[in-house]
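See below for the structure under consideration.
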Amino acid sequence: MKVTKEQILQKAISFFSSHDYDRSSLNEIAGALNITKGGIYHYFESKDDLFKESVSYLLDIVDQQASDSIELGIPLKKLLKSFFLLDDVAGLYSQMTGLDILGDYSDIVYLLFSVLKKFPEMRSKQERIYARYMMGMEMLFRDAQKRGEIRRDLDPEGLAFELTAFVEGGMLISSVSSGLDGNRLGTKVFDNFWKRIQSDSDDPE
């Protein structure tokens with residue numbers, strides 16, 4: 001059965017997140033991916049090309065999931081709570097990437113920083129994805145303010161950054177802390193966050 005380019009990229013993400021790029025030969029990569037070097041060269045010009053495309057593929061998955069998670073017009077409280085359920089968020093990304101996100105998250109963060117160090121031109125893509133996500137989150141908070149769900153005196157951009165920082169930081173802590181219940185702690189943080197931002201007219205449940 002012919003291995004598709006997407007299958008190679010999925011396996012490459014897993015490999016590069018746990019192996020040093022500079023010390024890995026193409027023979028080693030091909031062996032770990034269970035394909036021939038010719039199979040790699042069929043789709044990619046070089047090891048550099050495979051590395052950049054695999055990270056780009058991962059970023060596309062993150063970008064798509066982030067876009068799908070931002071839905072205007074539905075109650076913000078319900079939507080926000082889903083962001084704070086860290087184990088569920090990790091499970092969703094695991095399904096999309098084939099990776100153990102909580103187990104590999106610290107390695108994935110290392111991978112994203114590694115590609116920036118070796119290929120600075122990849123920074124613009126990461127920045128565009130982050131900016132688009134932040135803008136979408138900011139729109140959610142502005143929309144909720146217009147509907148009277150949350151306090152109008154709070155800055156939407158600041159709230160968007162605060163939420164993003166929790167999710168990213170929480171995922172990283174979960175990946176290096178065995179036994180941590182991400183959903184339980186995430187729910188506690190969400191309850192505190194919502195009590196602080198809800199409008200006075202929104203009675204707590």
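Please specify each residue of region 178-188 satisfying the condition of being surrounded by 11 or more Cβ atoms within 10 Å (Cβ to Cβ) and more than 16 Å from LEU80 (Cβ to Cβ).
LEU180, ASP181, ARG184
Here's a check for you: in region 168-177, which residue that is touching a residue at least 12 places away in the same chain (Cβ under 8 Å) and surrounded by fewer than 19 Cβ atoms within 10 Å (Cβ to Cβ) is farthest from ALA66 (Cα to Cα)?
In this case the residue turns out to be VAL176.
Considering only residues of region 60-78 that are hydrophobic (A, V, I, L, M, F, W, C) and out of contact with any helix residue (DSSP H, G or I) (no Cβ under 6 Å at 6 or more places or on another chain), which is surrounded by the fewest Cβ atoms within 10 Å (Cβ to Cβ)?
Among them, the one singled out is ILE74.
Identify the residue in region 107-133 that is at pLDDT below 80 and under 12 Å from the mean Cα position of the chain (by Cα) and, among all such residues, is farthest from PHE51 (Cα to Cα).
VAL109
What single numbered condition from (1) of a type in the set (D, E, K, R); (2) surrounded by 15 or more Cβ atoms within 10 Å (Cβ to Cβ); (3) out of contact with any helix residue (DSSP H, G or I) (no Cβ under 9 Å at 6 or more places or on another chain) fails to hold for GLU127?
Status for GLU127: all satisfied but (2).
Among the residues of region 34-58, write down those that are in contact (Cβ under 8 Å) with a residue 60 or more places away in the chain and surrounded by fewer than 17 Cβ atoms within 10 Å (Cβ to Cβ).
Just the residues of region 34-58 that are in contact (Cβ under 8 Å) with a residue 60 or more places away in the chain, to begin with: 48, 51-52, 55-56.
Passing the criteria: ASP48, SER56.
Could you give me the residue pairs with C-beta distances under 9 Å whose first residue belongs to region 64-86 and is more than 15 Å from ALA160 (Cβ to Cβ) and at pLDDT 85 or above, whose second residue is acidic (Asp, Glu) and not in a helix (DSSP H, G or I) wherever it lies, and which are 6+ apart or on separate chains?
These pairs meet every condition: LYS77/GLU149; LYS77/ASP202; LYS77/GLU205.
Determine whether LEU9 is more than 16 Å from LEU116 (Cα to Cα), touching a helix residue (DSSP H, G or I) at 6+ places or on another chain (Cβ under 8 Å) and surrounded by 16 or more Cβ atoms within 10 Å (Cβ to Cβ). Give the derivation first.
On the way: more than 16 Å from LEU116 (Cα to Cα): yes; touching a helix residue (DSSP H, G or I) at 6+ places or on another chain (Cβ under 8 Å): yes; surrounded by 16 or more Cβ atoms within 10 Å (Cβ to Cβ): yes.
For LEU9, the condition - more than 16 Å from LEU116 (Cα to Cα), touching a helix residue (DSSP H, G or I) at 6+ places or on another chain (Cβ under 8 Å) and surrounded by 16 or more Cβ atoms within 10 Å (Cβ to Cβ) - is met.
The values are calculated or read from the model by the stated rules, or taken from the named source; none is laboratory data. Since the model is a prediction, treat every value here as computed from it, not as a measurement. For neighbour counting, all protein chains shown are included, and Cβ atoms are generated from backbone atoms with ideal geometry for every residue, glycine included.
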